[in-house]
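Read-outs throughout are calculated quantities, based only on the coordinates presented, and are distinct from any laboratory measurement. Predicted, not measured: the structure shown is a model, and the values here were computed from it. All Cβ positions, even for glycine, are placed from backbone atoms using ideal geometry, and neighbour counts span all protein chains on display.
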Amino acid sequence: MTNLDIQDSLSPDKSAQPGNSQSPNHVIKTMYLEINNIAQGLNVGLFVLVLTAPGFYNSFASNYYSTPLLALASLMISIIFWTRYYFDTEILDRSYTALSAFWFFAYVVSQGISISLISIPVAWFLGTGLFLLFGAGFYALNLSEIQRKRTAGMTLTLAPDFEAWQHQRRVELLAFSALSFLGAGLAFVLPFAAFPAAALALIAALWQLAITDDYRKRKFIETGA
């Protein structure tokens, strides 16, 4: 091996420097994806635990049969955030910041609280409203990630309308969070309002699940930072 070969082997990977599309450390992205899978898997386990609890089916009548609708809405919400976080991490090649790490764990905890309160409509709407606020914050972090990479001079290969799509989802989640808090107030004042509020929550969740298909239809998943 010549001196030139040794020098080249010790040189830093230029593709990992600012101005290139490759992430400085792919271990970071792998870490986020693995933690997301573990955390969401635990929440799915909690969801099953709630559904198999002795008092779950007994709560149907006392909650004006809103409980099964809330359970379905929670399931849809879990699927939505599991897939979106996974796809966004792949597309953005997410980098590490203390804020994003803290935000992720706070969001997972708030989601677990929401799931555990399915049998208590007022509490479920409050917990879900809080969780959706953290969800909206994730889109703010995604947009910040895009801007940070642009500032660093990295070449982004995102779909042209992906950034606008992220803005729209952030606004929607802020609106849904406010509506969830409103639903909590209505269910508290008028307990029978829990059923129509739960029905609207399920419809909104199904709508957002359909929107998630944009990753495939609009070919977002085929691009990346």
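Gaussian network model of the chain, Cα springs within a sub-10 Å range: biggest mean-square fluctuation belongs to which of Leu92, Leu42, Leu69? Result for the chain, Cα springs under 10 Å: Leu42 fluctuates most. Our coupling estimate for region 154-160, obtained by passing each phi through the Karplus curve with A = 6.51, B = -1.76, C = 1.60 and θ = phi - 60°, is 6, 7, 9, 10, 5, 4, x Hz, Gly and Pro reported as x. In order along region 138-145, the Karplus-derived 3J(HN,Hα) couplings, from 6.51 cos²θ - 1.76 cosθ + 1.60 at θ = phi - 60°, round to 5, 5, 5, 5, 4, 5, 5, 4 Hz, and Gly and Pro are given as x.
Karplus-based coupling profile of region 38-51, in residue order and whole Hz: 5, 5, 5, x, 5, 5, 5, x, 5, 4, 5, 4, 5, 5, with θ = phi - 60° in 6.51 cos²θ - 1.76 cosθ + 1.60 and x standing for Gly or Pro. Across the alpha-carbon atoms of region 135-225, the computed radius of gyration and Dmax are 17.1, 56 angstrom. Short to long, the 10 Å bins of the Cα pair-distance histogram for region 21-104 hold 15, 38, 23, 16, 7, 1 percent of all pairs.
Put in line by how crowded their Cβ is, counting other Cβ atoms within 10 Å and starting with the fewest, His167, His26 read His26, His167. Derived value for the chain: Kirkwood hydrodynamic radius 19.1 Å. Basis is the mean of 1/r over every pair of different alpha-carbon atoms.
Sort the following peptides by mean Cβ neighbour count (other Cβ atoms within 10 Å, averaged over residues), highest first: 50-57, 34-41. It would help to have the intermediate numbers written out before the result.
On the way: 50-57: 12.8, 34-41: 14.5.
So the order, starting with the most tightly packed, is 34-41, 50-57.
Counting only alpha carbon atoms, the long axis of helix 98-116 and the longest principal axis of the chain meet at about 20°.
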